[in-house]
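Right, one structure below, let's go through it.
Just so you know, all these numbers are worked out from the coordinates, no wet-lab data involved. Bear in mind the structure is a predicted one, so any value in this text is a computation, not a measurement. Cβ: placed from backbone, ideal geometry, glycine included. Neighbour counts: every protein chain shown.
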Amino acid sequence: MAKKVRLCRAVESNVGERRAYKKQLVRLHKQFSDFILNQLFLEMQADSNLVFDASPLRPNQREKEILKAIKNKIPKGVKDFTTYLWGIISANINKWLRLLKTASMPVIEKFVKKAVTSTTRAQKQAFISAGVKVSAIEQAWSVPIVGRQYIAPQMANAMPDLIEGNVSLITKIGQKDITRIADVLIKGVESGLDYDAIRDELKQTEGFDSARADRVALDQINKINAQTQELNAKALGCTKGRWKHVPGQYTSRKTHIKFDGMEYDLNKGLFDSDVQKFVKPAELPYCRCVMRLVLPQDILNE
Ligand SMILES: [Zn+2]
């Protein structure tokens, strides 16, 4: 008699870590935006030849005076404020983005390590509940990570790329932060707003708002969760999974509702007609789908 297929329960990403990452993202971009605004004013102050003494100024007074001075004496040969401001940005943007990269690297590294660890820990529990031999897990997962947890060597090898990918995502968002600040400044100067009004506008158009940080954090943690489980499972000899559709907070794809319960090759995924390619759970933006692993007989307890 053919034995029934044994499945491992689906493991979803860790909610606590997702929230913590979201907070870090918001903090990083807030700090970066403040830094950029400050740098722009320092450059403009140098060009304006204004010197401020140490006596305290009223709030925003320094910025107001710098803007006024710059408008009156935009360096000769530069036609307008837009050209002038983008001149400053072009000369400095690589340096600024490098600083952002350096500042975000340890934050990202810590987040990725913690996310991989908590997924692996949850996956181990799920494997054990499904009847997988502990000895098989311990043999297959041989690389230590955080807090005495071990992961598959394949997963350990994938970590540098995972960290790098997240860091470049942050720098891409940093680039948008700079453009947004420049746009607000230019619009403000051209329409004759004073610095208080510009500051208000900047606050209102805060690029990296909480909802957007939430989406990025969700997307990233789900991708890490999926990749960790796949590589850990392959090290144990798993080759197949069953799609489990999870309705998304932002999207729920009709194709993925159909995929629910379908078996797929871990190397391949399922063909999604919406995007005309094979995809795996959590691969597409904001996809929250997960998988249930099909467990091979030889790693199961009798
Ligand atoms: Zn999905």
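Each residue of segment 82-94 in order: what ³J(HN,Hα) in whole Hz does its phi give by Karplus 6.51 cos²θ - 1.76 cosθ + 1.60, θ = phi - 60°, with x for Gly and Pro?
4, 4, 4, 5, 5, x, 5, 4, 4, 6, 10, 4, 4
Write down the Å³ per residue value for the convex hull defined by the alpha carbon atoms of the chain. Don't skip to the answer; put the middle values down first.
Numbers: hull volume 48.9 nm³, N = 302.
Given the Cα convex hull of the chain, per-residue volume reads 162 Å³.
Out of the trypsin sites (Lys or Arg not before Pro) in segment 147-186, which ones are loop residues according to DSSP with at most 13 other C-beta atoms within 10 Å?
Details: sites: ARG148, LYS172, LYS176, ARG180; in loops: ARG148.
For trypsin sites (Lys or Arg not before Pro) across segment 147-186 that sit outside H, G, I, E and B with at most 13 neighbouring Cβ atoms in 10 Å, the list reads ARG148.
Taking 7 Å along the Cα-to-C-beta vector as the label spot, tell me the TYR286-ASP183 distance in nanometres, rounded to one decimal.
The modelled label-to-label distance comes out at 1.9 nm.
Based on Cα positions only, what radius of gyration and what Dmax would you give for segment 1-100, in angstroms?
Here Rg and the maximum Cα pair distance are 24.8, 90 Å.
Please report how far the C-alpha centroid of segment 248-302 lies from that of segment 30-59, rounded to the nearest whole angstrom.
51
May I ask you to list the lysines whose Cα is less than 27 Å away from that of LYS187, ignoring any residue fewer than eight positions away on the same chain?
LYS30, LYS64, LYS68, LYS71, LYS73, LYS76, LYS79, LYS95, LYS172, LYS176, LYS203
For segment 1-103, which trypsin sites (Lys or Arg not before Pro) pass both filters: DSSP loop (anything but H, G, I, E, B) and at most 16 other C-beta atoms within 10 Å? Display every interim value, and only then the final one.
Working: sites: LYS3, LYS4, ARG6, ARG9, ARG18, ARG19, LYS22, LYS23, ARG27, LYS30, ARG62, LYS64, LYS68, LYS71, LYS73, LYS76, LYS79, LYS95, ARG98, LYS101; in loops: LYS3, LYS4, ARG6, ARG9, LYS73, LYS76, LYS79.
For trypsin sites (Lys or Arg not before Pro) across segment 1-103 that sit outside H, G, I, E and B with at most 16 neighbouring Cβ atoms in 10 Å, the list reads LYS3, LYS4, ARG6, ARG9, LYS73, LYS76, LYS79.
Can you list which of the chymotrypsin sites (Phe, Trp or Tyr not before Pro) found in segment 20-79 are DSSP loop residues with at most 13 other C-beta atoms within 10 Å? Numbers along the way, then the final one.
Details: sites: TYR21, PHE32, PHE35, PHE41, PHE52; in loops: PHE52.
Those satisfying the criteria are PHE52.
If you average the sequence gap of Cα pairs under 8 Å that are 6 or more apart and divide by the length of segment 15-238, what percent do you get for the contact order?
Values: 175 pairs, mean separation 74.8, N = 224.
The normalised contact order for segment 15-238 reaches 33 percent.
Hey, can you grab everything whose amide H is under 5 Å from the amide H of PHE278? Only 5+ residues off in sequence or another chain; H modelled, so Pro and N-termini drop out.
ASP272
Using θ = phi - 60° and the Karplus curve 6.51 cos²θ - 1.76 cosθ + 1.60, what whole-Hz ³J(HN,Hα) does each residue of segment 135-142 get, with Gly and Pro shown as x?
4, 5, 4, 5, 6, 7, 9, 10
Could you bin all the Cα-Cα distances of segment 91-147 into 10 Å bins starting at 0 and give me the percent of pairs in each, rounded to whole numbers?
19, 33, 20, 15, 10, 3, 0
From zero up to wherever the largest Cα-Cα distance of segment 224-302 sits, split into 10 Å bins and tell me the percent of pairs in each.
19, 52, 23, 6, 0
So what are the ³J(HN,Hα) numbers for segment 66-75, from phi and the Karplus equation (6.51, -1.76, 1.60; θ = phi - 60°), rounded to whole Hz, Gly and Pro as x?
Working through the residues one at a time gives 5, 4, 4, 5, 5, 4, 6, 9, 3, x Hz.
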